[in-house]
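Remarks on the structure that follows.
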Amino acid sequence: MLRKKNRHIFRKIILIFLGMVLLFLIYQYRQVRKEVLYNRVNGPKAIVNMLDMGIEESSGIILSGDKKDYYWTHGDSVDYGETPRTSIHGFRFDSDGIRDHHEIFLDGVTNLDWGDIAKDKNGNLIVADTGDNLIRRDFVLYRFKEPKLGQEKVEKNDIDKITFRFPMGEELNNEAIFYADKSVYILNKEYGKTIMYRLMDKNVDTRRVNIADYIGEFKFLGGSRLGNYMDAATGSDVSMDEMTMVFNTYKGIYMFKRNKKNTNFFDGEVYYHPLKWDFRINQYEAVAFTKDEKNLVLTTEQGNVYKVAIDDFKKLRDAESTEIIKEKLVEVGGDRKGMTYRIKHIVYLIQVAIMNIIFR
């Protein structure tokens, strides 16, 4: 009799627990749907489209260092068997559309999964082959002098190939880079947060595999808990004085302001601006400052170009720290195909399934 009573109590507890879980999921779903609908109304409107000039799946964008109102972009990788995209595109745009389009081929490079493009203080462009289209231990940055107008190709001997890995040999997906503090910073594409690493110029050696330094991580703050968990960083840029950094996600733009160089941007003031959130229609892949730094320009895989005013950002958090970043000694190792990798892959598949429900 006692056992039957205990089983009855146990079933009741289980039902109550499952009911609470269901109510929590319904609440989270309602919150994220509310966020989706709000962003669709309040996000920026596209100003031009770059598909007309043959730029497909724009994956990075950066303002030219020596050409007025001129931008560089590049396409993502292609499906197996197709001709690889190994060129960058320069262009200007105004209210009448894209103009002065200029395509330049990079000799001797590969495009496994190009993620972003940046520029350093020495007149170089940096193209990041850092995505995870293939299981890979090594990632690559291609560094070369910004091409001149009329130039058709950058020769292989004029391109530095910087090969690097992450601490413990982790296989990460990385679609955003920027240049500051005489270093290339890399932002990991992970749902719900991003992790920052960097390669310092003084430590880079093109003759060996370099190891990126871990800097810190930032958990997304811009929306509902489920909405943040479904979000990921895909592009970034930094202001000329290197005091303001931005990165875009699928549904918004984060802006970080620090008051001292060589400090962690994630510890600075945090600002946010929503975007039209529907990755099937507006899959934001890249962001860059305009020349006057009063606006940001974004590109999408669908070809749309957007502009967002800096003044429209809202503050989310005050600065937390101004500690100088210290170099860290790291080791390489770890299980590249272990249980952690499999769990992350399963979680990713679940997130994709949930996003398909949200955006139906």
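The values are calculated or read from the model by the stated rules, or taken from the named source; none is laboratory data. Because the structure is a prediction, the values reported are computed rather than measured. We place every Cβ from the backbone using ideal geometry, glycine too, and count neighbours over all the protein chains shown. Only protein heavy atoms, including side chains, enter the accessible area calculation; ligands, DNA and RNA are left aside. Shrake-Rupley method; radii C 1.70, N 1.55, O 1.52, S 1.80 Å.
Listed by position, the strands (runs of 3 or more DSSP E) inside region 153-198 whose residues that are over 14 Å from ALA212 (Cβ atoms) number at least 2 are 160-165, 174-180. A Cβ distance below 7 Å, combined with a sequence gap of six or more or placement on separate chains, defines the contacts here; from region 301-323, residues that are without any contact (Cβ under 8 Å) to a residue 60 or more places away in the chain reach residues that are open to solvent by 40 Å² or more (accessible area, probe 1.4 Å) and in a strand (DSSP E or B) in the pairs LYS315/GLU269; ASP318/GLU269. Looking across region 208-261, the residues that are assigned to a strand (DSSP E or B) and more than 23 Å from VAL305 (Cβ to Cβ) come down to ASN210, ILE211, ASP213, TYR214, ILE215, GLY216, GLU217, PHE218, LYS219, PHE256, LYS257.
Results for (1) out of contact with any strand residue (DSSP E or B) (no Cβ under 6 Å at 6 or more places or on another chain); (2) open to solvent by less than 60 Å² (accessible area, probe 1.4 Å), shown as yes or no for each residue.
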position: LEU106; (1), (2): no, yes
position: ILE159; (1), (2): no, yes
position: MET168; (1), (2): yes, no
position: GLU171; (1), (2): yes, yes
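Listed conditions (1) within 30 Å of ARG137 (Cβ to Cβ); (2) touching a helix residue (DSSP H, G or I) at 6+ places or on another chain (Cβ under 6 Å) are all met by ILE98, apart from (1). Within region 29-65, the set of residues being open to solvent by less than 80 Å² (accessible area, probe 1.4 Å), of a type in the set (D, E, K, R) and either assigned to a loop (DSSP other than H, G, I, E, B) or touching a His at 6+ places or on another chain (Cβ under 9 Å) (or both) comprises just one member, GLU57. Residues in region 275-288 that are in contact with an Asp or Glu (Cβ under 8 Å, 6 or more places away or on another chain) and open to solvent by 10 Å² or more (accessible area, probe 1.4 Å): GLN283 only. In region 13-28, the count of residues that are aromatic (Phe, Trp, Tyr), exposed (fewer than 10 other Cβ atoms within 10 Å of the Cβ) and at pLDDT below 80 is zero.
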